[in-house]
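For reference, the structure is listed below as structure tokens.
The values are calculated or read from the model by the stated rules, or taken from the named source; none is laboratory data. Everything numeric in this text was worked out from a predicted model, so none of it was measured. As a convention, Cβ positions derive from the backbone with ideal geometry for all residues, glycine included, and neighbour counts pool all protein chains shown.
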């Protein structure tokens, strides 16, 4: 079991800056996030898109913003638990006990939920019978590519993941690439490579087709794909891969007694505490009158929520308000050495 | 004010006045019409405000910008006349627009 002061759920910009705000008032925290990298929506949805409304930063991409936030919290040597989703939150005496889907347990005085719109999960096929083949013959991510050797693989999608895997698997497998329109949004070099492999019959491309149904009881025999004009084509295949990007799912947060209002957690605007004492919510996931879903609002909310945690972590102490420009305490927490 | 009609997957229809300048997505969200999630808040970064428009309307709507089609690739059951409602700005020309919502968004 990991014991610390505060657990932050979500490693997006709001959660990262909140690490900083906890750090300068002397509180320790750890961060859990379901993605395999730090940065949340900034890194997953728009790493290359410039953002223009971060105060004092005229222009920054999602990736640059994330890297700067990581640099800013470096002095606090925070532990990140990536690829991990919080499943259960339970009150335990004066503390909170938190369990993740990997079986990790935390015991903390406070929890700050900076979960955005929930955790990122792969978008799945909408065809019902797909579920029973999932993780056996239908995959949304690849853990062991060797299982496809000398088999027929049907890959759906038009982005980089679909293209990259189609190209790579075509070396040792028979590959079909199926996409709902005739343009691919992957990198230009991959599209060129794909066309080349298609000319050599290494990859068979079907455009304007979508999955319609699957034949097979225990194992997939073939799939039926439907063209825009309604025509159905049967394709023999052993495996089916879907790369439709990630969607955000609220997941277990709905079960933590937080009185959700349309996927959002109501909070007060004094310290962004939820209905549960000691649980705070900041960033896109919280709601209150006038809420704006902006990164800058998340920063403000995190600053106040961090101070809101103080009374739960150190019930017998009073928090003294200090500036980073003048406070020796704060500067030493930031690892700044000054020669007076 | 332009009237926009939102039809849920179960057939339930809602016709409401939406101010010029708002997006079709905002019209739904502000009026608590179920079926449009708009998880990213309208930044064209998810595909959870996905709607189907009728063929005759599809040609009258402003053309898709770069990126919208890419996001529609990730929508639930995309079709030929799919749009993201956050990218449709309400104006007098859109008076009478009918959008159909998919069975679900995620």
Taking residue B:40 as meeting all but one of (1) within 13 Å of the chain's Cα centre (by Cα); (2) within 25 Å of residue A:52 (Cα to Cα), write down the number of the exception. (1)
Tell me which of these residue A:88 doesn't satisfy, since it passes every other one: (1) at positive phi; (2) assigned to a strand (DSSP E or B). (1)
Elements of type strands (runs of 3 or more DSSP E) contained in chain B, each with 1 or more residues being surrounded by fewer than 18 Cβ atoms within 10 Å (Cβ to Cβ) and touching a residue at least 40 places away in the same chain (Cβ under 8 Å): B:3-7, B:97-100
Do the conditions hold for residue A:108, that is, is it touching a strand residue (DSSP E or B) at 6+ places or on another chain (Cβ under 7 Å), in the same structural domain as residue A:293 (by TED's automatic domain parsing), at pLDDT 95 or above and under 21 Å from residue A:255 (Cβ atoms)? yes
For segment A:279-293, name all the residues that are surrounded by fewer than 21 Cβ atoms within 10 Å (Cβ to Cβ) and touching a strand residue (DSSP E or B) at 6+ places or on another chain (Cβ under 9 Å). A:287, A:288, A:291
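Suppose the filter is surrounded by 13 or more Cβ atoms within 10 Å (Cβ to Cβ), without any contact (Cβ under 8 Å) to a residue 24 or more places away in the chain, at negative phi and not in a strand (DSSP E or B); does residue A:189 pass it?
Numbers: surrounded by 13 or more Cβ atoms within 10 Å (Cβ to Cβ): no; without any contact (Cβ under 8 Å) to a residue 24 or more places away in the chain: yes; at negative phi: yes; not in a strand (DSSP E or B): yes.
Spelling it out, it is not the case that residue A:189 is surrounded by 13 or more Cβ atoms within 10 Å (Cβ to Cβ), without any contact (Cβ under 8 Å) to a residue 24 or more places away in the chain, at negative phi and not in a strand (DSSP E or B).
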All positions within segment A:192-210 that are out of contact with any helix residue (DSSP H, G or I) (no Cβ under 8 Å at 6 or more places or on another chain) and in a strand (DSSP E or B): A:206, A:207, A:209, A:210
Only one of A:259, A:255, A:238 is farther than 15 Å from residue A:115 by Cα, more than 14 Å from chain B (Cβ to nearest Cβ) and at pLDDT below 95; which? A:259
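I want to confirm something. Restricting to segment A:155-177 and keeping residues that are in contact with a helix residue (DSSP H, G or I) (Cβ under 9 Å, 6 or more places away or on another chain) and within 14 Å of chain B (Cβ to nearest Cβ), which single residue is nearest to residue A:212 (Cα to Cα)?
For segment A:155-177, the residue satisfying everything is A:156.
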Single match in A:65, A:35 (criterion: part of a helix (DSSP H, G or I) and touching a residue at least 12 places away in the same chain (Cβ under 8 Å)): A:65
Residues being under 17 Å from residue A:280 (Cβ atoms) and assigned to a loop (DSSP other than H, G, I, E, B): count how many of those fall in segment A:91-106. 1
